[in-house]
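Beneath this line is the structure, given in structure tokens, with notes to follow.
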Amino acid sequence: MKENILFLAHVDESGNGLPRQAYEALGVAVDLAQQSGAPLTIGLIGGDVQFAADSIANAGAAKILAVSGPDFQLPRFASDAQAAESLCRAATPELILAPATSRFLRGLPVLAHRLQGRVDTHVSSLRFVDGALTATRWFYRQRIEGVFQREERPWIVLLDAGCHEPWRGAPAKASIEAIPVTQSPAAKRTAVTGIRAPKADTQTIRPDAALLFVAGAGWTKKQSDGKSHPQEAEKLILAFLRSSGASLGGSKSLVDQSGENQAVLGFMTHLNQVGQTGATPRHPKGLSTCCHGEEPHVVGWRFINERRAVNLDPNCGWARGKADVLYVANAFEVIAKVNDLLAETTKKEEETASASD
């Protein structure tokens, strides 16, 4: 079934290329266009979109439309919604695909109302089943996989990251058709005055990290000497995160301790929680420490490719076929040793770089 496809994307925070998720969503759009023989149109939003357009010029789109200018450089609901609506009306698509970035999750769902269509967010895959376009997404905190179709058009689909191979192709000079959009003063009343972000060395949530390090409640429990050592645990974990560049996750039992007047890790918040939140981290590898591998926690690891765990209990949940490798050991001792090895590796790399200079 041929349906005109519009791929929407916005320029990333650097103001140059597209976000990583956009190339993954573009891969879906290109695959669907090739399978159905439908024409593909690309729509871009940003301050200056030429560099981004050049990076995907060879994606096979019939044309590249753009709404650009200073008013569209930074995220703003009114501006993004109006720009996306103008692109949709210019392309008249039946299917609108976009990456599920925080910017688009705020700005695109309103299109379903303005275009008299339907919208679905956090979709993990799109494919043709018996000639009908079929979407897949997870429900009930990633425990139930739903497969569904929609008859209403246009159908707006926001695709989650980490679910499809990104489109790759050589850059080329792109020809862009500018779509003029005039904004009223009311649409521009919201202004971005600045961005507040934690320092790089204090940031613990790193979606693009190769490793997800998950800490469990065992880090704050009494150890072999009969005492708890939360301060030592904090130092070991932070040192490991700095040396390895890993992202930090936490079990529900650990992050809940802050409200139970128990010893806690000062840098751990509910934003780090994995399991029972609907969070689906997609890091290539995962290392769980002092966690028991309960089902809700393991569900959060659904898309981790390689699972390893460190636990003193050989009968913990991770040992029951839920981990690829289980280390029966004291996590304090293991991470301290790993930190020493990482420090040695870093020192050797620095000495080699200094000698080469």
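The values are calculated or read from the model by the stated rules, or taken from the named source; none is laboratory data. What you see is a predicted model, and the numbers here were worked out from it, not measured in a lab. Here the Cβ is made from the backbone with ideal geometry for all residues, glycine too, and neighbour counts use every protein chain on show.
Sort through Leu44, Leu8 and tell me the only one that's closer than 14 Å to Ile176 by Cβ, of a type outside the set (S, T, N, Q) and in a strand (DSSP E or B).
Leu44
So, in region 110-149, how many residues would count as being closer than 20 Å to Arg76 by Cα and surrounded by fewer than 16 Cβ atoms within 10 Å (Cβ to Cβ)?
Total satisfying the criteria: 2.
Somewhere in region 189-201, is a residue closer than 24 Å to Glu294 by Cα and either assigned by TED's automatic domain parsing to the domain that holds Thr134 or touching a Pro at 6+ places or on another chain (Cβ under 9 Å) (or both)?
no
Considering only residues that are part of a helix (DSSP H, G or I), touching a residue at least 60 places away in the same chain (Cβ under 8 Å) and not charged (D, E, K, R), which ones fall in region 102-116?
Phe104
May I ask you to list the residues in region 86-101 that are within 20 Å of Ala52 (Cβ to Cβ), touching a Lys or Arg at 6+ places or on another chain (Cβ under 9 Å) and not in a loop (DSSP other than H, G, I, E, B)?
Let us first name the residues in region 86-101 that are within 20 Å of Ala52 (Cβ to Cβ), namely 86-88, 90-91, 93, 96-101.
If we keep only those that are touching a Lys or Arg at 6+ places or on another chain (Cβ under 9 Å) as well, we get 88, 91, 93, 99.
Selection gives Cys88, Ala91, Pro99.
Being at pLDDT 85 or above and surrounded by 16 or more Cβ atoms within 10 Å (Cβ to Cβ) is the filter here; which residues of region 275-291 pass it?
Hits for region 275-291 are His283, Lys285, Gly286, Leu287, Ser288, Thr289, Cys290, Cys291.
Taking only pairs six or more apart or across chains, which ones have beta-carbon atoms under 9 Å, a first residue in region 264-278 that is among the hydroxyl-bearing types (Ser, Thr, Tyr), and a second residue that is buried (at least 16 other Cβ atoms within 10 Å of the Cβ) and modelled with pLDDT of 85 or more?
Thr269/Thr204; Thr269/Gly250
Select from region 42-54 the residues that are in contact with a strand residue (DSSP E or B) (Cβ under 7 Å, 6 or more places away or on another chain) and either closer than 23 Å to Arg106 by Cβ or of a type in the set (Phe, Trp, Tyr) (or both) and list them in ascending order.
Hits for region 42-54 are Ile42, Gly43, Leu44, Ile45, Gly46, Gly47, Asp48, Val49, Ala52.
What do you reckon, is Ser36 closer than 18 Å to Leu108 by Cβ and of a type in the set (Ser, Thr, Tyr)?
no
Could you check region 302-317 and list, in sequence order, the residues that are in contact (Cβ under 8 Å) with a residue 40 or more places away in the chain and either among the polar types (S, T, N, Q) or crowded, with 19+ Cβ neighbours inside 10 Å (or both)?
Ile304, Asn311
Could you tell me which of the residues Ser124, Ser86, Ser36 is among the polar types (S, T, N, Q), in the same structural domain as Gly169 (by TED's automatic domain parsing) and modelled with pLDDT of 95 or more?
Unique residue meeting the criteria: Ser86.
List the pairs whose first member sits in region 150-170 and is over 11 Å from Leu97 (Cβ atoms), whose second member is aromatic (Phe, Trp, Tyr) and at pLDDT below 95, and whose Cβ atoms are under 8 Å apart, counting only residues at least 6 apart or on separate chains?
Listed by first residue and then by second, the contacts come to Gly162/Phe303.
Pick from region 11-27 the residues that are buried (at least 24 other Cβ atoms within 10 Å of the Cβ) and part of a helix (DSSP H, G or I): which of them is modelled with the lowest pLDDT?
Among those that are buried (at least 24 other Cβ atoms within 10 Å of the Cβ) and part of a helix (DSSP H, G or I), it is Gln21.
Looking at region 47-69 only, could you name the residues that are aliphatic (A, V, I, L, M), under 17 Å from Ile179 (Cα atoms) and not in a strand (DSSP E or B)?
Keep residues of region 47-69 that are aliphatic (A, V, I, L, M), which gives 49, 52-53, 56-57, 59, 61-62, 64-67.
Among the residues that remain, those that are also under 17 Å from Ile179 (Cα atoms) are: 49, 52-53, 61-62, 64-67.
Hits for region 47-69 are Val49, Ala52, Ala53, Ala61, Ala62.
Select from region 137-194 the residues that are over 21 Å from Ala25 (Cα atoms) and of a type in the set (Lys, Arg) and list them in ascending order.
Listed by number, the residues that qualify are Arg141, Arg143, Lys173, Lys188, Arg189.
Which one of these is in the same structural domain as Pro230 (by TED's automatic domain parsing), surrounded by 16 or more Cβ atoms within 10 Å (Cβ to Cβ), β-branched (Val, Ile, Thr) and free of Cβ contacts under 8 Å to residues at least 24 places away in the same chain: Val298, Val328, Val255?
From the options Val298, Val328, Val255, the qualifying one is Val255.
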